[in-house]
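**Student:** To start, I am sharing the structure in question, which I have written as structure tokens.
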Ligand code: GLU
């Protein structure tokens, strides 16, 4: 194959691909295949980040547990057992091919502080410049198991890492070869979906993806599509495909339509906007009328009170929020200048009226353009 120009690739592999479904033991041939592929891609000049699940699954196998623990402390303890073993297996295999690796364990809150977001970004850049393959997982042993404070699944984690390292590609390796328009096991008319140019196309199709992961991992197809949404919004071309044949990644780089591929949107400009979109944890939602959606999407305008139809959640000024259209589709994210209590009073009002309603001088914009990132 002709060489492709050096690119930054994030590859995510899930527990269902890494372990044997019956026993939870490692699927060594799959891992070895992955290691060979990634070492080769690295040797020909690509910058590679591997996001690997498996800490809990491998920990369960090591401790002889028949199923994933439900108790949080036990799960976190099992992850501590499994993560060490997992990285050891990777290090042994990558070392056989003289490929240095690094272990990077992240929690969702590490990305919230702008200084720590930038520091993690610099660390990744340093690792990649040194020719190292960082192997990333959620720091399951210390992550706080609360909805907003966890990545929750490694699909989301890999999409946020892809945004952070400004990846060109995100490969979500799983146990199906691609998405289908219906369940191919039951419906002979099921059509494979090879290229998605806009996510709305998927929403219109009745895509049969099954939204459960294996019994050893978390995730499933819905989290993969959600991850694809984040990644393409960050300008990252995303592919969902089978983890059993990682060598095909190279063919995808050459232009072959592997699995289901999602075309990227233009990348948000600058690290600060990426941090607003993908580092901060949104604390609420603001629903916009059609005019406001048009103004921010097509005319590069700031958000004003007049365009707000409804507010959801409790947040303070300077928190991150999601902006949605009337149909509840996310269109943008931003740093808001008002609390949810204030917005409840001034939504739909002209900017001149705000000071009279609230009784104190206020910023003119609800979200200034500089603090707003389009995500759709
Ligand atoms: N971090 C978890 C683990 O390593 C996996 C999360 C996921 O399956 O998405 O076990």
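The values are calculated or read from the model by the stated rules, or taken from the named source; none is laboratory data. This structure is a prediction, so every number in the text was calculated from the model and none was measured. In this analysis, Cβ positions are derived from the backbone assuming ideal geometry, glycine residues included, and neighbour counts consider all displayed protein chains.
**Student:** Count, please, the residues in segment 45-61 that happen to be more than 12 Å from the ligand (Cβ to nearest atom) and either in a helix (DSSP H, G or I) or at pLDDT below 95 (or both).
**Tutor:** Number of matching residues: 0.
**Student:** Go through (1) touching a strand residue (DSSP E or B) at 6+ places or on another chain (Cβ under 9 Å); (2) part of a loop (DSSP other than H, G, I, E, B) and name the single condition residue 363 misses.
**Tutor:** Every listed condition holds for residue 363 apart from (1).
**Student:** Quick one: what pairs do we get from segment 98-124, first residue farther than 16 Å from residue 274 by Cβ, second in a helix (DSSP H, G or I), C-beta under 7 Å, 6+ apart or different chains?
**Tutor:** Listed by first residue and then by second, the contacts come to 99/39; 99/42; 101/90; 101/91; 101/94; 102/127; 103/87; 109/149.
**Student:** Also, I was wondering about something else. Which residue out of 139, 197, 154 is at pLDDT 80 or above and surrounded by fewer than 15 Cβ atoms within 10 Å (Cβ to Cβ)?
**Tutor:** Every option except 197 fails the conditions.
**Student:** Determine which single condition residue 106 fails, assuming it passes every other condition in (1) surrounded by fewer than 19 Cβ atoms within 10 Å (Cβ to Cβ); (2) touching a helix residue (DSSP H, G or I) at 6+ places or on another chain (Cβ under 8 Å).
**Tutor:** Every listed condition holds for residue 106 apart from (1).
**Student:** In the set 376, 326, which member is surrounded by fewer than 20 Cβ atoms within 10 Å (Cβ to Cβ), within 23 Å of the chain's Cα centre (by Cα) and not in a strand (DSSP E or B)?
**Tutor:** The unique qualifying residue is 376.
**Student:** Right, here's the next one. Restricting attention to helices (runs of 4 or more DSSP H) lying wholly within segment 62-174, give those where 2 or more residues are within 14 Å of the ligand (Cβ to nearest atom) and within 15 Å of the chain's Cα centre (by Cα).
**Tutor:** The qualifying helices (runs of 4 or more DSSP H) are 154-164.
**Student:** Related question: Quick one: count up the residues across segment 332-346 that are within 14 Å of residue 363 (Cα to Cα) and touching a helix residue (DSSP H, G or I) at 6+ places or on another chain (Cβ under 9 Å).
**Tutor:** Summing the residues that are within 14 Å of residue 363 (Cα to Cα) and touching a helix residue (DSSP H, G or I) at 6+ places or on another chain (Cβ under 9 Å) in segment 332-346 gives 7.
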